[in-house]
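Structure first, then comments.
The values are calculated or read from the model by the stated rules, or taken from the named source; none is laboratory data. What you see is a predicted model; the values in this text were computed from it and never measured. Cβ atoms come from the backbone with ideal geometry, glycine included; neighbour counts cover every protein chain shown.
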Amino acid sequence: MLYLACIWIAIVAGLSLLVILRDEPAPAKRSEWRRPEPRVFPYSRRNYFFSAAERSLYEILRRLTPEHTVFAKVRLAELVYIKEAVPRQAYLSRIDRKHVDFVVCDKNLAPVVAIELDDGSHQHAERRVRDQFVDEVLAAASLPVIHVPKRAGYVLDEIHQLLAPYLRIGTLML
C-alpha cells in the first residue's frame, strides 16, 4: 500500500511539473524579437529653422565674420554663469528660458557679442521689460549686445559698422 502511495505522489508531482514548465514562456528567439512600438507624440519637424529676416542676418554675419563662429538661438544660461553665493536656482530660473538670436564667438568659441533681432514684438511693454533684463544680465557678464531692427534684408556695410567696435573685421571687399 505504501508502494502505491509513493507511485501516486510521484505521478502527481511529475504532472504538476509538466504543467508548470508548459506555462512558462519559451525564451525568445532572435528572429522573434520586435522593436517596441513608438510612442505617439504631437511633434513635427519645422520646415525652416530661421525666419526670412533671421536667415538674411545670419548670412550677412557669416560673410562678415569668417574668423568667428556664429551661433543662433542661444540660451542665456549657456552664455553666463552665476558667480556669487546667492540663491542659485532663483537666479537661474530667471534666465533659463530666455535666449538671444545670435552669438558671435571667437576662434576658441568664447562669446564676443550677442545680437538681438528686434521685430514688432519688441515694441510691447512686456517684451521691452524682458529685453531690458536680458541686456542687464549680459552687461553684468561683460558681454555686449547689439539690437538690430528686423528687415526683409540687410545691408552688409550697416551690419559691418554695428559689429566693428566688438570684432576685428577687415575692410569690406564688395
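Tabulated values for the structure
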| quantity | calculated |
| --- | --- |
| Test set (1) modelled with pLDDT of 95 or more; (2) surrounded by 15 or more Cβ atoms within 10 Å (Cβ to Cβ) - LEU167 fails condition number | (1) |
| SER142 being within 20 Å of the chain's Cα centre (by Cα) and loosely packed, with under 14 Cβ neighbours inside 10 Å | no |
| So HIS147, is it surrounded by 11 or more Cβ atoms within 10 Å (Cβ to Cβ), not hydrophobic (A, V, I, L, M, F, W, C) and not in a helix (DSSP H, G or I) | yes |
| Selected residue [surrounded by 10 or more Cβ atoms within 10 Å (Cβ to Cβ), farther than 23 Å from GLU158 by Cα, of a type in the set (D, E, K, R) and at pLDDT below 90] from ARG39, ARG88, ARG75, ARG34 | ARG88 |
| Exclusive hit being surrounded by fewer than 17 Cβ atoms within 10 Å (Cβ to Cβ), of a type outside the set (Ser, Thr, Tyr), at pLDDT 90 or above and under 16 Å from SER56 (Cβ atoms), set ASP106, ASP119, ASP157, ASP101 | ASP157 |
| The lone exception for GLU54 - which of (1) crowded, with 17+ Cβ neighbours inside 10 Å; (2) in contact with an Asp or Glu (Cβ under 8 Å, 6 or more places away or on another chain); (3) not in a helix (DSSP H, G or I) it fails | (3) |
| Qualifying positions in region 73-122 - charged (D, E, K, R), closer than 24 Å to ARG151 by Cβ and assigned to a strand (DSSP E or B) | LYS73, ASP101, GLU116, ASP118 |
